[in-house]
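S.K.: There's a structure below that I have some questions on.
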Amino acid sequence: MRRHNINHEDRKENGRSIGRDLAVFSGNANRKLAEAICDHLGISLGKALVGRFPEGEINLQIQDNVRGKDIFIIQPTCSPANENIMELLLLIDAARRASADRITAVLPYYGYARQDRKVRPRVPISAKLVANLIVSAGADRLLSMDLHAGQIQGFFDIPVDHIYSIRPFGAYLSRLGVRNAVVVSPDVGGIKMARAYSKMLDCPLAIIDKRRDSDTQTKVMNLIGNVKGKNVVMVDDLISTGGSLAEAAGVLKQEGAKSIIAVVVHPVLAGNAIEKIMASKIERLIVSDSIPIPDHKRCNKIEVISVAPLLGDVIRRVHSHKSVSSLFAKEFVEA
């Protein structure tokens with residue numbers, strides 16, 4: 001069982017006052033990120049008990065008074081997805097029954113997002129079902145980052161703030177000083193993201209055309225664009241088993257790429273992804289902390305960029321009823 005602490009006194013961060021009616025809570029999915037967000041906001045994480053009964057059912061209690069407060073519940077629905085989704089739903093329900101004024105579900109990573117439509121007969125649209133559960137539990141607003149499918153916003157009948165991580169990643173790439181670069185999208189679905197990075201870095205864009213043979217296997221068909229003699233920045237929203245990125249990197253090397261950096265927002269890293277990354281032509285894999293990476297899945301190729309300041313800024317603006325879109329990179333909004 002994990003117990004969190006909160007201080008309801010007013011705090012100031014970067015000259016902005018955080019009111020007494022703001023409270024942030026977290027389940028067990030990524031408590032480290034939640035604490036970092038609270039540090040950025042200048043408050044403490046809300047006190048909540050999120051444990052298990054002997055038979056495995058979730059034992060949950062919010063231990064602070066939340067009546068009339070603006071509640072933000074930080075819980076990426078990463079692995080174990082079903083456990084983390086259930087913790088999120090119970091936290092929302094507990095806050096609603098405790099008379100919270102407004103409840104915002106903050107999902108830095110939205111699980112089940114890849115199942116956003118029917119691609120075969122008799123399969124569920126899981127992303128829509130998860131949206132229904134979140135709304136039915138009592139959430140008044142959703143905040144998520146780099147959704148795998150943008151249309152998921154339309155699955156909700158409540159306001160959705162869909163934010164992008166290009167700002168912290170772009171700042172990091174600028175510090176690296178990548179020259180003679182080309183941004184590569186590893187599939188046609190990521191063209192919008194890749195175009196935003198190419199505009200930001202003021203460099204060409206290339207696209208890999210691939211065919212998916214199964215849920216875990218893909219085959220590269222064509223490379224659209226020129227990468228010969230260039231430093232490649234390959235961008236994507238998530239890495240699962242790592243097969244697609246590893247194969248794409250191999251093709252890019254064959255086409256004459258000088259070096260390959262992969263920028264991926266959500267490090268799902270399922271199965272033997274680490275082994276594939278280590279054996280691949282990828283020299284550096286830059287990811288966010290939207291999903292915690294266990295020690296046994298870390299390697300010297302992986303670098304983690306924190307999105308806590310970005311999420312903290314968005315939470316501050318939502319709480320203060322200020323514009324959120326102004327935080328997005330201009331290049332991404334116009335891409």
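S.K.: Select from region 231-246 the residues that are surrounded by fewer than 20 Cβ atoms within 10 Å (Cβ to Cβ) and in a helix (DSSP H, G or I) and list them in ascending order.
M.R.: Gly243
S.K.: Can you name every residue in region 127-156 that is at pLDDT 95 or above, assigned to a loop (DSSP other than H, G, I, E, B) and at negative phi?
M.R.: Across region 127-156, the qualifying residues are Ala139, Asp140, Leu147, Phe156.
S.K.: Would you kindly identify the strands (runs of 3 or more DSSP E) lying entirely within region 36-111 that contain at least 1 residues that are touching a Pro at 6+ places or on another chain (Cβ under 8 Å) and not aromatic (Phe, Trp, Tyr)?
M.R.: In region 36-111, 70-74, 102-107 are the strands (runs of 3 or more DSSP E) which contain 1 or more residues that are touching a Pro at 6+ places or on another chain (Cβ under 8 Å) and not aromatic (Phe, Trp, Tyr).
S.K.: Is there a residue being under 19 Å from Ile85 (Cβ atoms) and more than 18 Å from the chain's Cα centre (by Cα) anywhere in region 106-120?
M.R.: Scanning region 106-120, I find no residue that is under 19 Å from Ile85 (Cβ atoms) and more than 18 Å from the chain's Cα centre (by Cα), so the answer is no.
S.K.: Further question on the same structure: Quick one: in region 238-267, of everything that is touching a residue at least 60 places away in the same chain (Cβ under 8 Å) and β-branched (Val, Ile, Thr), which residue is nearest to Leu176 (Cα to Cα)?
M.R.: Residue satisfying both the conditions and the ranking: Ile261.
S.K.: Just checking, does region 66-84 include any residue being acidic (Asp, Glu) and surrounded by 19 or more Cβ atoms within 10 Å (Cβ to Cβ)?
M.R.: Yes, region 66-84 contains at least one residue that is acidic (Asp, Glu) and surrounded by 19 or more Cβ atoms within 10 Å (Cβ to Cβ).
S.K.: Could you list all residues from region 272-298 that are among the small types (Gly, Ala, Ser) and without any contact (Cβ under 8 Å) to a residue 40 or more places away in the chain?
M.R.: Passing the criteria: Ala273, Ala279, Ser280.
S.K.: Starting from region 18-42, take each residue that is at pLDDT below 95 and list its partners that are among the hydrophobic types (A, V, I, L, M, F, W, C), counting only C-beta distances under 7 angstrom and pairs at least six apart or across chains.
M.R.: So the pair list comes out as Ile18/Leu41; Ile18/Ile43.
S.K.: If Met200 satisfies all but one of (1) closer than 21 Å to Val324 by Cα; (2) within 18 Å of the chain's Cα centre (by Cα); (3) buried (at least 18 other Cβ atoms within 10 Å of the Cβ), what's the number of the condition it fails?
M.R.: (2)
S.K.: Evaluate region 143-155: report whether one residue or more is among the charged types (D, E, K, R), in contact with a His (Cβ under 8 Å, 6 or more places away or on another chain), closer than 29 Å to Leu201 by Cβ and surrounded by fewer than 19 Cβ atoms within 10 Å (Cβ to Cβ).
M.R.: no
S.K.: Could I ask something else about it? Taking the options Ile260, Ile291, name whichever one is within 23 Å of the chain's Cα centre (by Cα), part of a loop (DSSP other than H, G, I, E, B), among the aliphatic types (A, V, I, L, M) and crowded, with 17+ Cβ neighbours inside 10 Å.
M.R.: Just one listed residue meets the conditions, Ile291.
S.K.: I would also like to ask the following. Evaluate the following for Lys276: is it out of contact with any Lys or Arg (no Cβ under 9 Å at 6 or more places or on another chain), more than 30 Å from Ile71 (Cβ to Cβ) and surrounded by 15 or more Cβ atoms within 10 Å (Cβ to Cβ)?
M.R.: yes
S.K.: A further question follows. Within region 294-324, which residues are assigned to a helix (DSSP H, G or I) and touching a Lys or Arg at 6+ places or on another chain (Cβ under 8 Å)?
M.R.: Residues satisfying the conditions are Leu310, Arg316, Val318.
S.K.: So Asn222 passes all but one of these: (1) part of a strand (DSSP E or B); (2) farther than 24 Å from Pro108 by Cα; (3) modelled with pLDDT of 95 or more. Which condition number does it fail?
M.R.: Unmet condition: (3).
The values are calculated or read from the model by the stated rules, or taken from the named source; none is laboratory data. Only a predicted model underlies this, so the values are computations on that prediction, with no experimental measurement involved. Neighbour counts are summed over all protein chains in view; Cβ atoms, including those assigned to glycine, are modelled from backbone coordinates with ideal geometry.
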